[in-house]
Amino acid sequence: MPMSDKEQMQIVKGWWKEYGYYLLFTILFVIVANFGWHRYQQYQNVRLEQASNMYMNMLNLMDQKKNDELKLYGEKLIKDHKGSPYASLAALILAKEAVKVNDLKLADERLRFAIKKAPDKKVRQLARIRDARVLIAMKKSQEAIKLLGSIDDNGYLAEINEVLGDAFLDLGRLSEAEQAYRKAETADANKKLRLPLLKMKMQRF
C-alpha cells in the first residue's frame with residue numbers, strides 16, 4: 001500500500017533529525033576545505049612569483065657585477081623561499097661567486113643545499129658535479145667520489161666520470177682514474193668540446 005504524503009513527510013523529518021547535522025557538517029567541511037585549498041594555491045603562486053622576481057634581480061646584478069647586492073639577494077632568496085626551484089638556482093650562483101674568492105667551504109655549503117632541495121634532477125646533478133670539484137680542491141677527494149656515487153641524471157655521465165677521474169688521480173689511484181676518464185670519453189656526446197681536454201688528462205697514462 002503506497003505511503004501517504006504525511007507518512008513520507010514523517011520519514012523525511014525523522015531522517016533529517018537523525019542525519020541532518022552530519023550532512024550539514026559534511027557540506028560545510030567541503031566548502032571550507034575547497035576555499036582553503038584555493039587560498040593556499042593563491043598564496044603559493046604569489047610566493048613563487050616573489051622568488052622568481054628575486055632570481056631575475058640576481059641575474060641582473062650578476063650582469064652588472066654588483067657582487068655584494070647579488071649575495072644579499074641570494075641569501076634572502078634561500079632563506080625565505082628555500083622550497084622554490086629558484087632557491088636552488090640562487091645557491092648555484094652563490095657557490096660560483098664563493099669559488100671566485102676561494103671560499104670553498106661556503107661554496108660546498110651552497111651546493112649541498114642545491115643537492116638537497118632542488119626539485120629538478122638536472123640541477124641536482126649539476127650541483128653534485130660542481131661540489132665534487134670543490135671537494136677535490138679542498139683535498140677531500142674521497143668525499144667527492146662518494147658524492148658522485150649517487151646519479152640524478154644519466155645525461156651527465158661524461159662529466160661525472162671525468163670528475164671521478166680527477167678525484168682518483170688526486171688520490172694517486174691511477175688505474176681507476178684512467179678507467180673513469182675512458183668512461184667519460186665513451187659517454188661524451190659532445191666530443192668537439194670535451195674530447196681535447198680529456199685527451200690531455202689521459203696523456204699521462
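Does Arg112 fit the bill of being assigned by TED's automatic domain parsing to the domain that holds Glu49 and modelled with pLDDT of 95 or more? Judged against the criteria, Arg112 is a match. Restricting attention to region 54-79, the residues being hydrophobic (A, V, I, L, M, F, W, C) and assigned to a loop (DSSP other than H, G, I, E, B) number 0. With respect to Lys146, determine if the residue is under 21 Å from Ala118 (Cβ atoms) and surrounded by fewer than 21 Cβ atoms within 10 Å (Cβ to Cβ). When the stated conditions are applied, Lys146 passes them. Does Arg204 fit the bill of being basic (Lys, Arg) and surrounded by 14 or more Cβ atoms within 10 Å (Cβ to Cβ)? For Arg204, the condition - basic (Lys, Arg) and surrounded by 14 or more Cβ atoms within 10 Å (Cβ to Cβ) - is not met. Taking Val99 as the residue in question, decide whether it is out of contact with any helix residue (DSSP H, G or I) (no Cβ under 7 Å at 6 or more places or on another chain), aliphatic (A, V, I, L, M) and either at pLDDT below 70 or assigned to a helix (DSSP H, G or I) (or both). Taking the combined requirement at face value, the residue does not satisfy it.
The values are calculated or read from the model by the stated rules, or taken from the named source; none is laboratory data. Note that the structure is predicted; figures quoted are calculated from it, not measured. In this analysis, Cβ positions are derived from the backbone assuming ideal geometry, glycine residues included, and neighbour counts consider all displayed protein chains.
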